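What follows is a set of notes on a single structure, which appears directly below.
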Amino acid sequence: MTDLNYNKLYDYIRNLDDFLLYRKENSTYDHIGAIIIDAILQSGLNYKTVVFPRVKKFIDSFPEQRTTIDFNVILQNHNIQDLIDWSGSIKTDRIYRLNNFFLEQNILTESDLIFWLQDPENETLLQSLNGIGPKTVDYLKILVGIQTIAVDRHLKNFVSNAGLFLDSYNNIKSVILVTSEKLNIDPISLDYSIWTYMNKK
């Protein structure tokens, strides 16, 4: 990665008349069930119309059941497909598996997850689960307020539009992280700003 690449994205953003930087409030669910559902459903779906309404419905149904143990009891006594109005089995299977994985790792609360995710070895361990890649790991971090970038198709296309043709997840993430420093905005806010800009397009 060269300095030219870092500067190129920064210059591109500064020269976009219709690009808005949003300072995103650092709020979290503090609800393991909601975190898992959001993290698993979000890939490839419209967040505002498909993902968030289902997460909100779940929280409204179980507002006090915030731990992994609570979620496990819910999963044993209810059909998750009914709870979140979901017909497919691939993502619901991943919800069960991720919850079981958290239990095995003794991750019981959001605070536990925040601490656990900051160990690089745990990131690798999490990615050993089928269907969990670097983007989901980074997205989980964002959900619990850890500053990072989760590279999805919107961010990839944005970087490409800036004239940077990078095919590595880590390189795209790196150039956006450096650009956030140059713009004096936290990574989560820049991630959200780019995502919002591209989503409107």
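The values are calculated or read from the model by the stated rules, or taken from the named source; none is laboratory data. Fair warning: this is a prediction, and the values are worked out from it, not measured in the lab. As a convention, Cβ positions derive from the backbone with ideal geometry for all residues, glycine included, and neighbour counts pool all protein chains shown.
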Fill in: First in the range 107-134 and under 18 Å from A34 (Cα atoms), second anywhere and of a type in the set (F, W, Y) and in a loop (DSSP other than H, G, I, E, B), Cβ under 8 Å, 6 or more apart
E110/Y29
Item to complete: For Q127, work out the one condition from (1) within 16 Å of the chain's Cα centre (by Cα); (2) not assigned by TED's automatic domain parsing to the domain that holds Y96 it doesn't fulfil.
Response: (2)
Discussion item. I want to confirm something. Restricting to the range 144-186 and keeping residues that are part of a helix (DSSP H, G or I) and of a type in the set (F, W, Y), which single residue is surrounded by the fewest Cβ atoms within 10 Å (Cβ to Cβ)?
Written reply: Y169
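Within the group L16, L75, L45, which residue is assigned by TED's automatic domain parsing to the domain that holds L164 and of a type in the set (A, V, I, L, M, F, W, C)?
L16
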Practice prompt. Give the residue, chosen from K24, K48, that is in contact (Cβ under 8 Å) with a residue 40 or more places away in the chain, basic (K, R) and closer than 30 Å to N157 by Cα.
Written response: K24
Fill in: Residue list for the range 15-55, filter: closer than 19 Å to L183 by Cβ, charged (D, E, K, R) and surrounded by 11 or more Cβ atoms within 10 Å (Cβ to Cβ)
R23, K24
Practice prompt. Identify, from the list Y10, Y6, Y22, the residue that is of a type in the set (F, W, Y), modelled with pLDDT of 90 or more and assigned to a helix (DSSP H, G or I).
Written response: Y10
Discussion item. Going by what's in this entry, would D30 be described as in contact with a helix residue (DSSP H, G or I) (Cβ under 6 Å, 6 or more places away or on another chain), touching a residue at least 12 places away in the same chain (Cβ under 8 Å), of a type in the set (D, E, K, R) and outside any loop (DSSP other than H, G, I, E, B)?
Written reply: no
Worksheet entry | Tally, over the range 73-89, of residues that are outside any loop (DSSP other than H, G, I, E, B) and either surrounded by 10 or more Cβ atoms within 10 Å (Cβ to Cβ) or hydroxyl-bearing (S, T, Y) (or both) | 6
Worksheet item: So which residues in the range 60-72 are surrounded by 17 or more Cβ atoms within 10 Å (Cβ to Cβ) and among the hydrophobic types (A, V, I, L, M, F, W, C), if there are any at all?
Response: F62, F71
